[in-house]
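The structure appears below as structure tokens.
The values are calculated or read from the model by the stated rules, or taken from the named source; none is laboratory data. On a predicted model such as this, the values are computed, not experimentally measured, just so you know. FYI the Cβ positions are ideal-geometry reconstructions off the backbone, even for glycines, and counts take in every protein chain you see.
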Amino acid sequence: MTFGPISSRRFGLSLGIDLSPNQKQCNFDCVYCELQAAKPIQKFLTYPNIKDIINEVQIALKNDVQFDFLTLTANGEPSLYPYLKELVYELNKIKQEKKLLILSNGSGVLNSNTFSALMDVDVVKFSLDSAIEKTFYRIDRALKYIKLEEMITKMIAFKKKFLGELIMEVLIVEGLNDNKEEMLALNEVFDKIKPLRVDFSTIDRPPAYPVKGISLKKLEELSMHITSVPIVLAKHCYKGEKIDFTIEELLKMLQLRAQSEFDVENKFSQYSKDILEKLIKEQKVIVKNLAGVKFYKKL
């Protein structure tokens, strides 16, 4: 069940726990999924038992395997694991200084038991590819009992109670959610959910269905419509020469939109980085750590 550790740009070193190691089991059948297309299901049919999972994690800890996150994932949707509450409880007892992370499509908030289980996870990542019902079903091909409006309402309620770190993820598909209307709808919803950050990307692996990603330039342009929360762009979005910003330009930019550490590393020239450090020392710019990613914002 365990695999890795894998180096993740957004989460550091991650030791994965696959809760569906033998087959794809998901209540979505996303068009962009890197796994083979499969009919969505409401619950897991096969799954590992908690004792075996805990034994494998304990072996990794005993062998001093270096990692930052214990990541609950699956060939499908990990929140469908039938004993998630119990598993999270047992992992929290042994994880030491590590953080527990789950990579979920977000549908777990619709189930009261799963909602409760997610409350005990340190970092929760939900996907939300569209805030418009028709587009949501075209991209994520979810079971019909999953109602987008209800899911969003429950995500808002979850964030209000959740003491951990909530991250959202959006994946853009050509011809489906790659327009301003979609972005403005998402921006409005993110303003209500209030995640710490939103990770923004497009298709970069062979998908289950004949769909395509968008250009990196368009991805960045679309992300500019998301103004209610900090944005992290996929690493390969950064192209071209690094830029020299004046103090005034830098302060204006950081006032309008927080810049991630990846923006700084890939877009800022050394001259601009030196100015940024100066502004931080002068306390004109603050640095915030949002679920493992640093952001820079004008005070």
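It is to be established whether one or more residues within region 48-70 are out of contact with any strand residue (DSSP E or B) (no Cβ under 7 Å at 6 or more places or on another chain) and closer than 28 Å to D140 by Cβ.
Looking for residues that are out of contact with any strand residue (DSSP E or B) (no Cβ under 7 Å at 6 or more places or on another chain) and closer than 28 Å to D140 by Cβ, one finds at least one in region 48-70, hence yes.
Could you grab the pairs with beta carbons closer than 9 Å, sequence gap of 6+ or different chains, first residue in region 33-54 and outside any loop (DSSP other than H, G, I, E, B), second one surrounded by 15 or more Cβ atoms within 10 Å (Cβ to Cβ) and of a type in the set (D, E)?
I50/E90; K51/E90; I53/E90; I54/E90
Tell me, which residue of region 110-138 that is assigned to a loop (DSSP other than H, G, I, E, B) and of a type in the set (D, E, K, R) is surrounded by the most Cβ atoms within 10 Å (Cβ to Cβ)?
The selected residue is D129.
When residues of region 74-94 are filtered for being out of contact with any Ser or Thr (no Cβ under 7 Å at 6 or more places or on another chain), outside any helix (DSSP H, G or I) and surrounded by fewer than 20 Cβ atoms within 10 Å (Cβ to Cβ), how many remain?
Number of matching residues: 2.
Select from region 30-39 the residues that are in contact with a helix residue (DSSP H, G or I) (Cβ under 9 Å, 6 or more places away or on another chain) and surrounded by fewer than 21 Cβ atoms within 10 Å (Cβ to Cβ) and list them in ascending order.
V31
Those residues that are among the hydroxyl-bearing types (S, T, Y), outside any helix (DSSP H, G or I) and crowded, with 16+ Cβ neighbours inside 10 Å, I need them from region 258-288; list them, please.
The one that is among the hydroxyl-bearing types (S, T, Y), outside any helix (DSSP H, G or I) and crowded, with 16+ Cβ neighbours inside 10 Å: S260.
What number of residues within region 263-288 satisfy the criterion of being of a type in the set (D, E, K, R) and farther than 17 Å from I231 by Cβ?
Selection size over region 263-288: 7.
Could you check region 139-257 for helices (runs of 4 or more DSSP H) lying wholly inside it with 2 or more residues that are at negative phi and at pLDDT 90 or above?
Filter on region 139-257 gives 148-161, 180-193, 216-223.
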